[in-house]
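Undergrad: Please see the structure below; I have some questions.
The values are calculated or read from the model by the stated rules, or taken from the named source; none is laboratory data. Keep in mind that what you see is a predicted model, and the values were worked out from it rather than measured. Here the Cβ positions follow ideal geometry from the backbone for every residue, glycine too, while neighbour counts run over all protein chains shown.
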Amino acid sequence: MGKRSNWAIPYLIFLILFVALPLLLIVVYALQDGNGGFTFDNITRFFTDSDALSTFAVSIEVAIENTLICLLLGYPAAYILANKNLNKSAVTAILFILPMWINALMRTLATAELFNVMGFTLGKGTLLMGMAYDYLPFMIYPIYNVLLKMDHSYEEAAADLGATPVQVFRKVTLPLSMPGISSGILMVFMPTVSTFAISEFLTNNKIKLFGTIIQENINSSMWNYGAALSLIMLVIIGLTTLVLGGEDSEVEGGTV
Amino acid sequence: MRKVLSQAYIWFLLIILYAPIVFIAIFSFTEAKAFGNWTGFSVKLYENLFTGGVNGGAALILAIKNTLLIALISAAVSTILGTVSAIGIFNLKGKKKRTIQFLNNIPMINPDVITGVSLFLLFVFLHFSQGYLTVILAHISFCTPYVVLNVMPRLGQMNPNIYEAALDLGATPWQALRKVLVPQLYPGMLSGFILAFTMSLDDFAVTFFTRGTIGLETLSTYIYADARKGGLTPELRPLMTLIFTIILVLLIIINVRQERSKANKTIR
């Protein structure tokens, strides 16, 4: 061996240049004023900027609601798909990820148009429905993977020892599927907080989320404030990952 | 009873999930400019799509070409970089291994907007003029981790001695890589490539921040600009319908083949 471990060196340099350094630059720009001097103004500005603060609150609220909706709808689906008695074909599972190959913006626009035709007013309700539609596969897939690999003899043992089906689920299946649930939450919650464009399309520009505020600032050359908002976003991401246990929540590389 | 209820639930979700796609498909067969208006059956939009069309079709076709080119280059480079790196990482130990794996996980966990903004700041910082090259570099940076993740398990399943054996028998490291490692790692590389290609195709936020001001449009940025102007280019409807149909057919073929090869194995 020895030598072959050197094969990782080019990628390590690449990662430092294109992953670590850019994140560091977010911190650097966030703590600079327009002339490159050190300042905390960009951070304090966020806490006095009522527009940004309320968008932030709305984003967290929508993200929590969306994650809950996806979990409530997605867990039973993952459970059924992974259960050989209830679902025999692997194709049904694939059908759930297939829509992801359609451009997300196009899908979202079609969803918004469908809501329009059905006579719904675009607003909070349609935002939550449309988002659940976009992110449901990200919740189903990790839970499905964990349930599929689970050793079912634990459930059988619990049933043999007299547990009712509800007890088996609560005391055995649910705890064993926790890694899938936490990576599902991670994969739904974070993109929802930071999403931009999608929320505008689904609410006819009535509700914007945190990602949009970041984009607006960067695009109008307010790089330092944009970087500061990104830094706040990064802190939220760091906290969420820590809470959900970053170690076992690694994203599963799916095969087609 | 449980089975019927379960199946009903699954199909209920699938119907909701597919409703917008079916909606696009239906309205791809009418000429109306506004999405949701039915002005009678017509394949005019399909014709427009292939002939360059009337409704700004040339820009759309250029956007499609850009999207495919960027996805192809990014996925190819990511697959090579990711495979070589996976071999390296696999042979690393301890702290070094954990550090590089941690860095490798960041682009997958990071939301697109953060990745986009951070790379935008990088290119500004380095005074690198933004365009095709920066978009491709950005795509490689978020695609490669998926290749690494898909190749690593293959390395674990492989007998580590056969590479050494090839070297002992006089193969150069390059020959050993090509004739021994690549054939063994091929399935992982292929699924990594497909995943990278898909991620690149579907990306919007990262492209949006790293494409600069040279007027580079991919399908996603084109759709975004289109929707902001109000009113989507009608030709997008047949395009999406075609993409979806092609993917559906491909997946069905792959699955039927897999089922068949499984069946063959059990017979033997």
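Undergrad: How many residues are under 22 Å from A:PRO99 (Cα atoms) and touching a residue at least 12 places away in the same chain (Cβ under 8 Å) if we restrict to the range A:110-128?
TA: 6
Undergrad: Any residue at all in the range A:52-67 that's within 25 Å of the chain's Cα centre (by Cα), acidic (Asp, Glu) and in a helix (DSSP H, G or I)?
TA: Yes, that holds for at least one residue.
Undergrad: For the range A:112-131, which positions are at pLDDT below 90, outside any loop (DSSP other than H, G, I, E, B) and within 10 Å of chain B (Cβ to nearest Cβ)?
TA: Scanning the range A:112-131 gives A:ALA112, A:GLU113, A:LEU114, A:PHE115, A:ASN116, A:VAL117.
Undergrad: I'm told A:LEU202 meets every condition in (1) within 17 Å of B:ARG228 (Cβ to Cβ); (2) at the interface with another protein chain (Cβ under 8 Å from one of its Cβ atoms); (3) in a helix (DSSP H, G or I); (4) touching a Gly at 6+ places or on another chain (Cβ under 9 Å) except one. Can you identify the failing condition by its number?
TA: Every condition holds for A:LEU202 apart from (2).
Undergrad: Regarding A:LEU136, is this residue within 14 Å of chain B (Cβ to nearest Cβ), surrounded by fewer than 19 Cβ atoms within 10 Å (Cβ to Cβ), at pLDDT 90 or above and assigned to a helix (DSSP H, G or I)?
TA: Against the criterion (within 14 Å of chain B (Cβ to nearest Cβ), surrounded by fewer than 19 Cβ atoms within 10 Å (Cβ to Cβ), at pLDDT 90 or above and assigned to a helix (DSSP H, G or I)), A:LEU136 does not qualify.
Undergrad: Let me ask something else about it. Of the numbered conditions (1) under 23 Å from A:LYS3 (Cα atoms); (2) touching a residue at least 12 places away in the same chain (Cβ under 8 Å), B:CYS143 satisfies every one except a single condition; which is it?
TA: All conditions pass for B:CYS143, except number (1).
Undergrad: In the range B:1-36, how many residues are within 10 Å of chain A (Cβ to nearest Cβ) and more than 30 Å from A:LEU73 (Cβ to Cβ)?
TA: Within the range B:1-36, residues that are within 10 Å of chain A (Cβ to nearest Cβ) and more than 30 Å from A:LEU73 (Cβ to Cβ) number 1.
Undergrad: I've got another one for you. Quick check on my filter: what residues within the range B:78-99 are free of Cβ contacts under 8 Å to residues at least 12 places away in the same chain and either outside any helix (DSSP H, G or I) or farther than 13 Å from B:LEU155 by Cα (or both)?
TA: Scanning the range B:78-99 gives B:ILE80, B:ASN91, B:LEU92, B:LYS93, B:GLY94, B:LYS95, B:LYS96, B:LYS97, B:ARG98, B:THR99.
Undergrad: Do you know which of the residues in the range A:209-219 that are more than 9 Å from chain B (Cβ to nearest Cβ) and either among the aromatic types (Phe, Trp, Tyr) or in contact with a helix residue (DSSP H, G or I) (Cβ under 6 Å, 6 or more places away or on another chain) (or both) is surrounded by the most Cβ atoms within 10 Å (Cβ to Cβ)?
TA: Across the range A:209-219, the extreme among qualifying residues is A:LEU209.
Undergrad: Might you let me know whether the range A:182-194 holds any residue that is away from chain B (no Cβ under 14 Å), more than 18 Å from A:TYR144 (Cα to Cα) and of a type in the set (A, V, I, L, M)?
TA: no
Undergrad: Next up: Out of all the residues in the range B:35-43, is one or more in a helix (DSSP H, G or I), without any contact (Cβ under 8 Å) to a residue 12 or more places away in the chain and not hydrophobic (A, V, I, L, M, F, W, C)?
TA: Within the range B:35-43, none of the residues are in a helix (DSSP H, G or I), without any contact (Cβ under 8 Å) to a residue 12 or more places away in the chain and not hydrophobic (A, V, I, L, M, F, W, C).
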